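> Shown below is the structure under consideration.
The values are calculated or read from the model by the stated rules, or taken from the named source; none is laboratory data. Bear in mind that the values here come from a model prediction, so they are computed numbers and not experimental data. Here the Cβ is made from the backbone with ideal geometry for all residues, glycine too, and neighbour counts use every protein chain on show.
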Amino acid sequence: MIAREGLGAMARAYTTSFLAHRLWQQALNWIFPSNDEPCAVCSRPIPPHMAQKRAGERGAMQRLCAFCQQNLALVPVRAQLTTLRAGKRRIRVASALVYDHFVRTLIRAFKYDGVVEIAPFFVSALCATRPARLQADIVVPVPTAPDRLRMRGYDHVLLVARAFATAEGLPCALGLARLGTSGHTRSQTAKDRDRRLSELAGQFVSIRPDAVRGRRVLLVDDVMTTGATLATCAAALYEAGAGAVDAAVIARVE
Ligand SMILES: [Zn+2]
């Protein structure tokens, strides 16, 4: 039996410098209270009366303007299922949200701008994909490239995967590591899939074969574009002895 706490605690989702920066910001906000912090998602200035209301909010709501708060409450969860080729096997991928302009903006704020408060929103969206996916024994996050982790200060996928696993009552293990740097992955289209597959070949390695051997693994990632990343990760997990691999992603680019 895998100790849930033991595996979950193995990796830290934040770098020390990110946490130090956050503490410093909180200290500054306490010493010099300011109401003019713009919305973390759309950068609109927050009118003073709204800022006052916002101070009473918790989590993501505290950093969002009224417009984005309203949009967030209206984002529909549309669990969709697709299948992917992963070497000689196939995997099922359940996606939670439609990748529209607002969802893309939310994911970018979460991934690049340190708006980690949005994580619980993505976790509940992933939980809502349950009817569309198979049962799993263990959750494994798609690992973030070490250079990206250093640059951003936190691992956004690990944050979501860990909270999602807890919500589902499953263990979460860092079953994979990513070697090398992330490279240029900005523009991906379906026809780039074969090129992406060859770029990614050998970049993901299993680091916990004992945790995945014979188990049904659920990979978790933020956005699926060509599916090459998920396919490469799944192939590495199968090679490590995983019994079955499926995936859940926040959104899928159509
Ligand atoms: Zn906003």
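> For A236, indicate whether it is out of contact with any helix residue (DSSP H, G or I) (no Cβ under 9 Å at 6 or more places or on another chain) and of a type in the set (G, A, S). Step through it out loud before you land on a result.
Working: out of contact with any helix residue (DSSP H, G or I) (no Cβ under 9 Å at 6 or more places or on another chain): yes; of a type in the set (G, A, S): yes.
When the stated conditions are applied, A236 passes them.
> Run down P76, P48, P38, P33 and say which single residue is at pLDDT 90 or above, surrounded by fewer than 14 Cβ atoms within 10 Å (Cβ to Cβ) and over 23 Å from C172 (Cα atoms). Outline the logic, then answer.
Numbers: P48 fails: at pLDDT 90 or above; P38 fails: at pLDDT 90 or above; P33 fails: at pLDDT 90 or above.
So the residue among P76, P48, P38, P33 that is at pLDDT 90 or above, surrounded by fewer than 14 Cβ atoms within 10 Å (Cβ to Cβ) and over 23 Å from C172 (Cα atoms) is P76.
> Out of R108, R104, R90, I need the residue that is in contact with a Ser or Thr (Cβ under 6 Å, 6 or more places away or on another chain), surrounded by fewer than 17 Cβ atoms within 10 Å (Cβ to Cβ) and at pLDDT 90 or above. Which one?
Answer to the check: R90.
> Any idea which residue in region 197-222 is farthest from the chain's Cα centre (by Cα), counting only those that are in a helix (DSSP H, G or I) and over 29 Å from E168 (Cβ atoms)?
If we take residues in region 197-222 being in a helix (DSSP H, G or I) and over 29 Å from E168 (Cβ atoms), then S198 is farthest from the chain's Cα centre (by Cα).
> Go through (1) within 20 Å of the chain's Cα centre (by Cα); (2) at pLDDT below 80 for D192 and report which single condition fails.
D192 satisfies all of (1) within 20 Å of the chain's Cα centre (by Cα); (2) at pLDDT below 80 except (1).
Results for (1) on the phi < 0 side of the Ramachandran plot; (2) without any contact (Cβ under 8 Å) to a residue 24 or more places away in the chain, shown as yes or no for each residue.
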{"residue": "R195", "(1), (2)": "yes, yes"}
{"residue": "Q203", "(1), (2)": "yes, no"}
{"residue": "R208", "(1), (2)": "yes, no"}
{"residue": "R213", "(1), (2)": "yes, no"}
{"residue": "V217", "(1), (2)": "yes, no"}
{"residue": "D222", "(1), (2)": "yes, no"}
{"residue": "G227", "(1), (2)": "no, no"}
{"residue": "A244", "(1), (2)": "yes, no"}
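> Another question, if that's okay. Give the residue that is farthest from V157 (Cα to Cα), with candidates limited to residues of region 115-138 that are among the hydrophobic types (A, V, I, L, M, F, W, C) and in contact with an Asp or Glu (Cβ under 9 Å, 6 or more places away or on another chain). Don't jump to the end; show me each part of the working.
Residues of region 115-138 that are among the hydrophobic types (A, V, I, L, M, F, W, C), as a first pass: 115-116, 118-119, 121-123, 125-128, 132, 134, 136, 138.
Among the residues that remain, those that are also in contact with an Asp or Glu (Cβ under 9 Å, 6 or more places away or on another chain) are: 122, 126-127, 134, 136.
Working: F122: 10, L126: 12, C127: 15, L134: 20, A136: 18 Å.
Ranking the candidates gives L134 first.
> Can you confirm whether T144 is of a type in the set (V, I, T), more than 20 Å from Q80 (Cα to Cα) and surrounded by 17 or more Cβ atoms within 10 Å (Cβ to Cβ)?
For T144, the condition - of a type in the set (V, I, T), more than 20 Å from Q80 (Cα to Cα) and surrounded by 17 or more Cβ atoms within 10 Å (Cβ to Cβ) - is met.
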